[in-house]
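Below is one structure, written out as structure tokens; the observations come after it.
The values are calculated or read from the model by the stated rules, or taken from the named source; none is laboratory data. If you're wondering where the values come from, they're calculated on a predicted model, not measured in any experiment. Positions of Cβ are generated from backbone atoms using ideal geometry, with glycine treated the same way; all protein chains shown enter the neighbour counts.
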Amino acid sequence: MIKILFVEDDLPLALGIEYTLSQEGFEVVHAKDLSEARSKYKNNEFNIILLDVMLPDGTGYEFCTEIRENSEIPIIFMTAFDEEGNVVMGLDIGGDDYITKPIRVKELISRINAVLRRRTMIKNENTSGNKIKSGNITIELLKYKVYKGENIIDLTAIEYKLLLLLVENKGNVLERNLLLKRLWDTDGNFVDGNSLTVYIKRLREKIEDDIRNPIYIETVRGVGYRWAKEAKEV
């Protein structure tokens, strides 16, 4: 059974979502603030976290940052703020997804399942070898690690999956819609197109020497993105 840590201070909202998720077969542990969330996270094993942004004793961003120091557990932010800056912040500190309030429970369930599928796909990624190397970038598949030269690069789960998709299709243009479908849901549902732009920008910042003149991730205007076929060591 999938066990969820659900951090939400709006008790009527929390009770409704907790009841519906339980009816769908999830085990839900509710915390009303950061203090309670920290305690329950410490004393339980969870598969995924649903995390409100604004809480009585702090923000979900703080909790996410703490968790990412030693865990890659999937995190979905729930927020009333859908401005790009808030979305970027949540994704940049390690969130796997976000959903805006008011919450549509069926959409939330689909997002939970999509995030868990992505994590499973990453863990089960299979190629002919244990490493992929392109230019100065090395991906150790079995260890889920990425290096730029000798330095390890810290990627979120979605950034890692995006990198794999691009590298494994080196030289081929991947359309935006295709990337969205592969990164998010099998049907491409519930996708904000701006999110892909954010992920590409963050990935470039981590692997490129100069994001204004990228040598790895090329933009094909009006179509999508391509991993450079002749990526060389620099």
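Quick notes on this one:
- Of all residues making up the range 38-91, the number that are under 18 Å from the mean Cα position of the chain (by Cα) and in a strand (DSSP E or B): 10
- When the range 131-145 is filtered for residues that are assigned to a strand (DSSP E or B) and in contact (Cβ under 8 Å) with a residue 60 or more places away in the chain, the ones remaining, listed by number, are Ser134, Ile137.
- Filter result (at pLDDT 85 or above and part of a helix (DSSP H, G or I)) within the range 92-115: Val105, Lys106, Glu107, Leu108, Ile109, Ser110, Arg111, Ile112, Asn113
- With respect to the conditions (1) in contact with a Lys or Arg (Cβ under 7 Å, 6 or more places away or on another chain); (2) modelled with pLDDT under 95, Val29 lacks only one, and its number is (2).
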